[in-house]
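Structure first, commentary second.
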Ligand SMILES: C[S@@+](CC[C@H](N)C(=O)[O-])C[C@H]1O[C@@H](n2cnc3c(N)ncnc32)[C@H](O)[C@@H]1O
């Protein structure tokens, strides 16, 4: 048995639907212990910008898709109700730890596949996916699920890396893509095609983080 071989609960086995989802879950079972160190500070300005731009009102219901180690949990206003879902039990364990340590009381955590959300249509006011769309096997399927569970007039917010408009950068992203998929990350996802297929109309798209290769995409469900 390898040092990092994940031990899976029966709940995890039931949630994992495909080999691809199984692979992604495996990657994050291994990454859980080092995630905050490696992907914490560098990607944090984008997380802060995203939550500010959500303009969450008291009592609003927020769904965070792929909440990971719960790095965003303390950033939400305390008077909204947050549901965080993730595929990986190890990432969720870290999130539970963090929520407990920080005394966060308005965030509930559930193990779930973003491609098959167990919520009724129109359940949430805000549906947010930070740094998730490039790691799921079916980005369009996940975005459609996000749209389904968002109420009419609600906000769907995606923070993610998409293929650059710069020709050289786009070429590099395409070249490295066959390699990055091995760590569960698609580096050359095309934003306009993704939005069109997911039937999402952006209200705003802005670049965040340094370097500014990450996009904060805000859509409303009409
Ligand atoms: C790059 S991390 C982002 C974590 C966090 N949102 C952040 O801001 O750092 C991607 C997360 O998405 C989760 N994930 C990947 N595929 C998923 C799926 N199909 N359903 C739910 N979560 C998934 C991973 O387990 C991981 O925790």
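General remarks:
Yes or no, residue by residue, for (1) part of a helix (DSSP H, G or I); (2) modelled with pLDDT of 95 or more:
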{"site": "3", "(1), (2)": "no, no"}
{"site": "27", "(1), (2)": "yes, no"}
{"site": "30", "(1), (2)": "yes, no"}
{"site": "38", "(1), (2)": "yes, no"}
{"site": "45", "(1), (2)": "yes, yes"}
{"site": "49", "(1), (2)": "yes, yes"}
{"site": "62", "(1), (2)": "no, yes"}
{"site": "84", "(1), (2)": "no, yes"}
{"site": "91", "(1), (2)": "yes, yes"}
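- In summary, residue 211 fulfils each of the numbered conditions (1) more than 16 Å from the ligand (Cβ to nearest atom); (2) more than 24 Å from residue 52 (Cβ to Cβ); (3) outside any helix (DSSP H, G or I) with the single exception of condition (2).
- Hits in the stretch 95-134 (condition: assigned to a loop (DSSP other than H, G, I, E, B) and closer than 14 Å to residue 85 by Cβ): 112, 113, 114, 115, 116, 117, 118, 119, 123, 132
- In the stretch 51-69, of all residues being more than 9 Å from the ligand (Cβ to nearest atom) and surrounded by 13 or more Cβ atoms within 10 Å (Cβ to Cβ), the one that is nearest to residue 88 (Cα to Cα) corresponds to 63.
- Being under 24 Å from residue 22 (Cα atoms) and either assigned to a strand (DSSP E or B) or under 18 Å from the mean Cα position of the chain (by Cα) (or both) is a property that does not hold for residue 204.
- So residue 121, is it more than 13 Å from the ligand (Cβ to nearest atom), within 20 Å of residue 65 (Cβ to Cβ) and either loosely packed, with under 15 Cβ neighbours inside 10 Å or at pLDDT below 95 (or both): yes
- Members of the stretch 173-206 that are at pLDDT below 90 and exposed (fewer than 14 other Cβ atoms within 10 Å of the Cβ): 174, 175, 176, 178, 179, 182, 183
The values are calculated or read from the model by the stated rules, or taken from the named source; none is laboratory data. Computed from a predicted structure; not experimentally measured. Please note: Cβ atoms are built from the backbone with ideal geometry, for glycine as well, and neighbour counts cover all protein chains shown.
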